[in-house]
Structures are given as C-alpha cells and as structure tokens.
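Everything on this sheet refers to the single structure shown next.
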Protein chains: 2
Amino acid sequence: MAGFSFEVEARDGRARAGRLVTPHGEVATPAFMPVGTSGAVKAVLHRDLREIGARILLANAYHLMLRPGDAVVAALGGLHAFSGWDGPFLTDSGGYQVFSLAALRKLDEEGVRFQSHLDGSSHLLSPERSMEVQQHLGADIVMAFDECPPGDAPRAVVAEATSRTARWARRSREAHRRPDQWLFGIVQGGVHLDLRETSARDLVEIGFPGYALGGLSVGEPKPGRDRVLEHLDTILPAEKPRYLMGVGTPEDLIDGVARGIDMFDCVLPTRNARNGQLFTSRGRLSIRNARHREDPRPPDPSCACLTCRTASRAYLRHLHQANEMTAATLMTIHNLSFYLDTMEAMRQSIRLCRFEEWRGTTLRRLAAAEQDGS
Amino acid sequence: MAGFSFEVEARDGRARAGRLVTPHGEVATPAFMPVGTSGAVKAVLHRDLREIGARILLANAYHLMLRPGDAVVAALGGLHAFSGWDGPFLTDSGGYQVFSLAALRKLDEEGVRFQSHLDGSSHLLSPERSMEVQQHLGADIVMAFDECPPGDAPRAVVAEATSRTARWARRSREAHRRPDQWLFGIVQGGVHLDLRETSARDLVEIGFPGYALGGLSVGEPKPGRDRVLEHLDTILPAEKPRYLMGVGTPEDLIDGVARGIDMFDCVLPTRNARNGQLFTSRGRLSIRNARHREDPRPPDPSCACLTCRTASRAYLRHLHQANEMTAATLMTIHNLSFYLDTMEAMRQSIRLCRFEEWRGTTLRRLAAAEQDGS
C-alpha cells in the first residue's frame, strides 16, 4: 500500500530490529508508542515528545468518537491536523475500551451497544462503525474491532470471543477503505495456545499487513503470556509487524522483544509519572518517599532527559506534594525518556547481535532495587 | 549594593522604561513577573518561561515556609538551585497571604500567629521571621513584612494597618542582612491619599532601594487606585523602581505604566488560562464557548507563541473539555506570552516616545470584543 512498508533489518535469536514506514514518517522497531488517548499524551506537549524521541503515538477511537466526536475531527482534517502531531498515529478500535470503560453494554453479533462513560448517551460500536470512526480520525495504522474478554474469563467465554473476533476482523477488513491506512488484525484467545493458534490462522487467512496480540495485559499470568508469544512466533508471518497491545513494564517490553514483538503501547510510564512513580536504570523510585526530601540528585543520574538535567528529586517531590502540574509534566518526560531510551538500546543490541547480553545486564540492573525497590 | 542597579533610561509622560540589574540577570522594565507561588509557575516549565521572554519570577515566602519549609530550600542551596530557575526571583513577604489564606489569625504588634491552610499547624510570621524565611529562600528581591487590610476596611482600620506597616518595615530593614538581596518597602494606606502619603514618606525616610504599592488589588475601586498612583508618583523617589503588587488585567498594566509603575505581578494570566480564559490582542476569549468547537484558527492569529503556532481553538477546547493537563500548559503559555509581549511593546513605545499613541490604539483593540467580549 502506498507509503507503507515494514522490514526486519536485523535478528538476534527471536528478537528483531526493523523499520516501519508510514505516510507520516518512519519508526524504528522495536518501538514503544506513548498513549495519547484523546489525541494528547497526558501532561506533555508534542514538542517535548519529539525531543525525547517519540515517533508514533497511540490514540483511542472510543474516546475520540465520544469527545469531540469523530465527525468533528474529520471536519478539521483528521487527527494529525486536529492535534498538531505530524508523525504517525495508531488508533485502537474501541474494542478494549468499550469492555473496560462503558456502562450497560449489550453485546451481540452485530457489535456492542453501550452508554458513554462521559454522559450516559447511547452508542453502537461494531466493526463497521469502528472502521468509520478510525477512517474519520485518519491514523496511519488502525485496528480491527475485537472482543477482549477479561483475563480470568472461563475458556468457553474466551473461545466464543475468539471466534467472534475473527468474524469481526473479516467485517473490519471489508469495511475498511482508506488506502493511506494500514489495518492490523488482533489475535485473541487468552492463554489457551490452541485458541491463540486458531485465532492467528484465521487472521492470517483474511490477511493483514500487521498483527496485534490482544488480551495479554488483562491480568493473565506472566508465564502464560510468554508461552503465547513463543507459540505465535512460529505461526505469524515473519515479515509482518507484531504489536503486543497494552504491555507493559520495562521488563515486559524486553521479554516481549525477546519473543519477536515489534511494537508496544502502555499507559504505565505516563500514569505512573502522574502518581510520582519513576522508572530508572536502577529500579523504580517513588518520589513521595520522605528520603527524597533533601536529595539534590536527579531521578536517574545516568539519564540525559530535560527532567534529569534540570530537576532534583527534592524539587520533584516538592512539586508533587504541592499538586503542581509541572510535577506530572517533568516526571512523564522522564518516564517516557526512559522507555524510549531503553527501546533504542534494545534496537542497538539486536543490530550488534548482543541482545541476550544486554538483556541480562539490563534486567539485573532493573532488579537491583538500589532505589526504593519495585 | 553589589550586583544591583536600577536605571530609568527613557521617559514618556509619567511612563518609564528602564533596566533592573540583579545578581541573577537583568530585567527590562516595565516588567511583568509570572507568579510561581511554590517555586514553579503552574503548568509551565522554566524552559518555556524563558522561551516566551519571562525574566523574573515571583514566589511566595508564605507557601514555601510551610512546604517544603524554608530550611529545606536553604539546605538545597536556596530557591534558584532548588527550583532550577537561574534568573532573578522576587519573594513576597507573606503579609498578603497570611491575611488571605491562613485560618485563625491572631494579629498583634509582634506579628501574626496563624494556622497553616495545609495542615492546621501553628506558625508565627513577623518582620524578623519573614526576613529569616526570605533570606533562607535567597531571592534577588525580597519584600518587607506588611499588614494588608481588605479593600472595604474602614478608614480607622486602614490607618492602624498603615502605621503598623511602617513600624514593621523598619524592623524588616533591621533584620535583613544578605548583601545579595534587595529589600523593598511596601506602601499601604488603601485609597486614602493622606494615609498613602504618610506611608510613602515613612518608608522613604527608612530608605529602601525600591518601593512596592500594596493593597491595590484587593477590590478597591479603579478610580481610587489611579488617584493613589498619581499622588505617589510625586512622592516616591524618581530614580527607584516601583512595584504595583498583584495587578492585574492587561488594561491595568497599561494604566499602571502610564502612572509611573515599573514592575507588576498577577495570577490572572496563569489562573485564567487554567479556566480556559484567553487574553488576545482582540479581547478575551473563553475556550469553553461552543463556537470554538470546529474553529481551526489559533487563539490569537497575531501571536507567535508555541500555542498559537501549533494549536487551534478547536483542539484547545477539546483538551480543556477532556481535562487534559496540556490544555492548561498551552493556554498558560499563550496568556503569559501575551502579557510579556504587551510589556515589550509598551517598553518600545516609551523608548520611541509614542506611549500615549500606543496606549490608545491598544486599549481600543482590547475593548473591541471581536472575540467573546470580556
């Protein structure tokens, strides 16, 4: 499709380093996508996201269809023109959000009827409506509409959701028209390897330029997730990008890359920053901790971000205690820098065929708990 | 005093353009000081303040003594090192805040005993304690401890507060030791010209390198304020800086400069931004207004700030409605840019001896209400 390509340029074990090209720019993979739910990453300006190396943002069809409305965004030229972020966007289909946020859901084969979590108004999300919304928004990559059962759902529920997700993926594919968007399919199936395999084969048969793994950040056990990734590595086409949705901690990203994942998104670095939880190269740090009250050191002495260059732990703790918004801004800039720098280090280690060495060193350092422990 | 000077370099009528030199840098006057109550301007990073032309910030002794504590700030090297703002700081003495924020005040000649608005803990603010706090904080300019009665106080109350303010100014002067700080006196007296005159003469007799006018942003009638400024213009030493505390709207700043004022501070541009109220060259604009829903124009097409270069009214309205913190950041950047640009235009007009012409044009444009009205 015009303006799109994906190439795996280096491999080290199952880990892959590559390049994703979209109409709004290139993204080196493995890539982390900061979450900009409503068309804005919370507390950080686009300019600062670019400066710290963010290349692609995630936004949510569910939130934007409810506010300001996908027709409004379309009238203003789509998400890029509307938000002023001129790099690539990926939009989630609303499948996950409608199950986690909306009230009074009614699910049938057509789709999900629900009431808005904002004002109680009634809406339908279906494969066709999700494609309409996402085509209005105009992100570079859009997602098929899926059913995402909770992590503790019984096997029968997961099986039914998985087969419905395949039928909805076909309808999503048929309803999708824009040649300047890539539509990815979403593999479901919980931690059941046979369901995951069926789901992946169904989606590959329909044919998508990229595949996402859904339902793996919903409280399932970590060994279960790892087994799913390892199993799917042999089933999903090796030349297509793979996106692990909603994951995770720095350790999760490293473990995902080790199993062949190319793309990630997660609210953790941004949400934790607003709660005063910092990720550093020496483990996690809670800025509320009284030990930081007079600590003149930056959050992470080995980090070169604006926050670590200009703000001490003592100042950040003060801003957080005083409910100053700049506390959230500075700590989000640091956490996202840490995530993005970690992805860059990971890509380099794969290109140098030193991924396993880098992985071991990094995981030990993250677990060192020299800070507050995690 | 080492590292300090003030010079009036140009005059046009009573309006003055000059240069204030401090140990942490120079400030062109008339100057507007953004309010950074707790050592941070709400929602905007220092880097962005510098980029939009802020040269001096105001912080509050009252807030910082309560949190994180002036001793903590001192241990970390003072307000500049603690906050990372390396330009000049001015701290208010706490006089105004203790009367407007604290609970269960007990005022006597020694000072004010009060309970913290944060946790109810008991504290004393007196001239000596305020000087100790402000010397701990280490701002370039510090303020004498004053009593600031409300705008509707009876004359007898104002008279008593005014004479106490003079006695407290003398004690502040005696308790102040740091040679790298300038201590300004504060003139009180409400809208009573004779009390204002007595207060000014008392302070001039004590002798300060600069004079502030307090109690003129406390709900008093505007003509009363203008008369006070005109009366004091002939009494305060012409070669010393004059600071009108807590004022005001763009129109107020212009009217203050027309009456010989050199320095201002006010929460209006920052607080209004957080409430979605924008100042523009064509009047005020409420971003909540439904008319902005699909408006692709920037807040002020004649403004060159980051916000006006990158964000439409429609996007700002969306961010504000969605409670996104970046709404506050972007709108604060614009409002402060508008204030600081207006000060720069004012300084230029004084240097070109075209202040009255500029003032007439600007006030007409601000009143045009082409936007939402004011």
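Taking a sphere under 13 Å around the Cβ of A:Arg19 and counting the other residues whose Cβ falls inside, with K and R at +1 and D and E at -1, yields a net charge of -1.
Other residues whose C-beta falls under 11 angstrom from the C-beta of A:Gly219 contribute a net charge of 0, scoring Lys and Arg +1 and Asp and Glu -1. Between A:Val157 and B:Ser100, the C-beta separation translates, for a Förster distance of 51 Å, into a calculated FRET efficiency of about 0.30. Once the C-beta distance of B:Arg271 and B:Arg67 is scaled by a Förster radius of 22 Å, the resulting FRET efficiency is 0.65 to the nearest 0.05. Binning the alpha carbon pair distances of the range B:215-374 at 10 angstrom intervals from zero yields the distribution 10, 37, 32, 16, 4, 0, expressed in whole percent. Charge dipole (Cα centre; +1 on Lys/Arg Cβ, -1 on Asp/Glu Cβ; no other charges) of the range A:273-374 amounts to roughly 100 debye. Each Lys and Arg Cβ is given +1 and each Asp and Glu Cβ -1; about its Cα centre, chain A then shows a dipole of about 760 debye. Amide H to amide H distances under 5 Å link B:Ala59 with B:Gly36, B:Leu90, B:Thr91, B:Asp92, where only residues 5 or more positions off or on other chains count and H is placed in the peptide plane.
Each other residue within a Cβ distance under 12 Å of A:Arg354 adds +1 if Lys or Arg and -1 if Asp or Glu, for a net charge of 0. The other copies place their B:Ala75 label points at 5.7 nm from this one, listed shortest first, where each point is 7 Å from Cα along Cα→Cβ.
Once all protein chains are placed together, B:Leu363 keeps about 50 Å² accessible to a 1.4 angstrom probe. For A:Glu230, the solvent-accessible surface with a 1.4 Å probe is about 60 Å², rounded to the nearest 10. Its relative contact order, with pairs defined as Cα atoms under 8 Å and 6+ residues apart, puts chain B at 17 percent. Here the protein assembly as shown is described by how far its Cα atoms reach on the three principal axes: 90, 55, 45 Å, from widest to narrowest. If you take the charge dipole of the range A:1-140 about its Cα centre, with +1 on Lys and Arg Cβ and -1 on Asp and Glu Cβ, which of A:Leu107, A:Val41, A:Tyr62 is farthest toward its positive end? Result: A:Val41. Label points for A:Ser121 are taken 7 Å from Cα along Cα→Cβ. From this copy to the others they lie 4.8 nm apart, shortest first. Averaging Cα coordinates gives a centre for the range B:24-38 and one for the range B:322-353; these two points are 13 Å apart.
Model label sites at B:Asp108 and A:Leu107, defined 7 Å from Cα along the beta-carbon direction, differ in position by 7.1 nm. Sorting A:Thr361, B:Thr332 by accessible area puts them as A:Thr361, B:Thr332; the probe is 1.4 Å, largest comes first, and only protein heavy atoms count.
What sits nearest the axis between copies B and A, counting only chain B Cβ atoms, is the residue and whole-Å distance B:Met325, 3. Ranking of B:Arg317, B:Arg67 by solvent-accessible surface, largest first: B:Arg67, B:Arg317 (1.4 Å probe, protein heavy atoms only, all chains present). Ranking B:Leu253, B:His231, B:Thr307 by how far each Cα lies toward the positive end of the dipole of the range B:229-323 (charges on Cβ) leaves B:Thr307 at the top. Taking the range A:80-137, how much of its Cα-Cα pair set, in percent, is spaced more than 13 angstrom apart? Taking all Cα-Cα pairs of the range A:80-137, the fraction more than 13 Å apart is 64 percent.
The Kirkwood radius of the range B:104-178, taken over pairs of alpha-carbon atoms, gives through the Stokes-Einstein law at 4 °C and 1.567 mPa s a diffusion coefficient of 97 µm² s⁻¹. With both labels modelled 7 Å from their Cα along Cα-to-Cβ, the A:Asn323 to A:Asp233 distance reads 4.9 nm. From helices alone, chain A scores -12500 deg cm²/dmol at 222 nm; the rule is -39500 (n - 2.57) for each run of n ≥ 4 DSSP H residues, then divide by the residue total. Here A:Glu356 yields copy-to-copy label distances, from shortest upward, of 8.6 nm, the label point defined as 7 Å from Cα along Cα to C-beta. Residues A:Thr234, B:Thr326, ordered by accessible area of protein heavy atoms at a 1.4 angstrom probe radius and largest first, appear as A:Thr234, B:Thr326.
Shape index of the range B:40-91: Rg/Rh, with Rg the Cα radius of gyration and Rh the Kirkwood radius from the inverse mean 1/r over Cα pairs, equals 0.97. Between B:Ala367 and B:Asn289, what is the FRET efficiency for a Förster distance of 25 Å, r being their Cβ-Cβ separation, to the nearest 0.05? It comes out at approximately 0.85.
The values are calculated or read from the model by the stated rules, or taken from the named source; none is laboratory data. What you are looking at is a predicted structure, and each value in this text was computed from that prediction instead of being measured. Every residue, glycine among them, receives a Cβ derived from its backbone with ideal geometry; neighbour counts consider all protein chains shown. Surface areas here come from the heavy atoms of the whole protein model, side chains and all, with no ligands, DNA or RNA. Shrake-Rupley method; radii C 1.70, N 1.55, O 1.52, S 1.80 Å.
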